[in-house]
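Quick notes on the structure that follows.
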Amino acid sequence: MSHIQLDRDRCEGHGLCEDAAPEIYRLDDDCELELLVDEVSPELRSKAEAGARVCPVAALRVVS
Ligand code: SF4
């Protein structure tokens, strides 16, 4: 299983990750990013990576 590292100091709440993979990333009402999964299954990995790729401030990493 993989997991997602979120650098909260970098995240600016743009929400592009949520647009790419709403089943994994969600912005709450205060524009704080929530990760909806603790571990990324193989089926979700490409979606998790798609969300990480579109982040303009490189706040997300999917690691094994
Ligand atoms: S795209 Fe990047 S900056 Fe925007 S909410 Fe997602 S992690 Fe944060």
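Every number in this text was worked out from the coordinates using simple rules, so none of it is lab data. This is a predicted model, so every value here is computed, not measured. Glycine gets a Cβ as well: all are built from the backbone with ideal geometry, and neighbour counts include every protein chain shown.
Counting helices only, and only those DSSP H runs with n ≥ 4, report the 222 nm mean residue ellipticity of the chain as the sum of -39,500 (n - 2.57) divided by its residues, in deg cm²/dmol to the nearest 500.
Working: 2 runs with 18 residues, N = 64.
The per-residue figure over the chain is -8000 deg cm²/dmol.
For the stretch 3-18, what does the Karplus curve 6.51 cos²θ - 1.76 cosθ + 1.60, with θ = phi - 60°, yield as ³J(HN,Hα) per residue in whole Hz, taken in order and with x for Gly and Pro?
So the Karplus estimates, Gly and Pro as x, are 9, 10, 9, 10, 8, 5, 5, 7, 4, 10, x, 5, x, 5, 5, 5 Hz.
Placing +1 on the Cβ of each Lys and Arg and -1 on the Cβ of each Asp and Glu in the chain, which of 33, 15, 46 has its Cα farthest towards the positive end of the resulting dipole?
About the Cα centre, the residue reaching furthest to the positive side is 46.
Taking the Cα atoms only, what angle lies between the long axis of helix 42-54 and the longest principal axis of the chain, rounded to 10 degrees?
30
Which GluC sites (Glu not before Pro) in the stretch 29-62 pass both tests, a DSSP loop state and at most 11 other beta-carbon atoms within 10 Å? If you can, show how the numbers build up before the last one.
Values: sites: 32, 34, 39, 43, 49; in loops: 32, 39.
Of the GluC sites (Glu not before Pro), the ones in loops of the stretch 29-62 whose Cβ has at most 11 other Cβ atoms within 10 Å are 32, 39.
Taking one equal scatterer on every alpha-carbon of the chain, how large is log10 of I(q)/I(0) by Debye at q = 0.12, 0.24, 0.29 1/Å?
Values returned for q = 0.12, 0.24, 0.29 Å⁻¹ are -0.23, -0.96, -1.42.
Expressed in nm to one decimal, what extension gain is obtained for the pair residue 43 and residue 7 from 0.36 nm per residue of sequence separation less their Cα-Cα distance? Don't skip to the answer; put the middle values down first.
Values: separation 36, 0.36 × 36 = 12.96 nm, distance 2.36 nm.
Length gained between residue 43 and residue 7: 10.6 nm.
Rank these for me by crowding, 11, 17, 55, 31, going from fewest to most other beta carbons within 10 Å. Show your work: numbers first, answer last.
Values: 11 18, 17 27, 55 22, 31 11.
Going from sparsest to densest Cβ surroundings: 31, 11, 55, 17.
Figure the gain on full extension for residue 61 and residue 23 (residue separation times 0.36 nm, minus the Cα-Cα span) and round it to one decimal in nm. It would help to have the intermediate numbers written out before the result.
Values: separation 38, 0.36 × 38 = 13.68 nm, distance 1.64 nm.
Gain on extension, residue 61 to residue 23, equals 12.0 nm.
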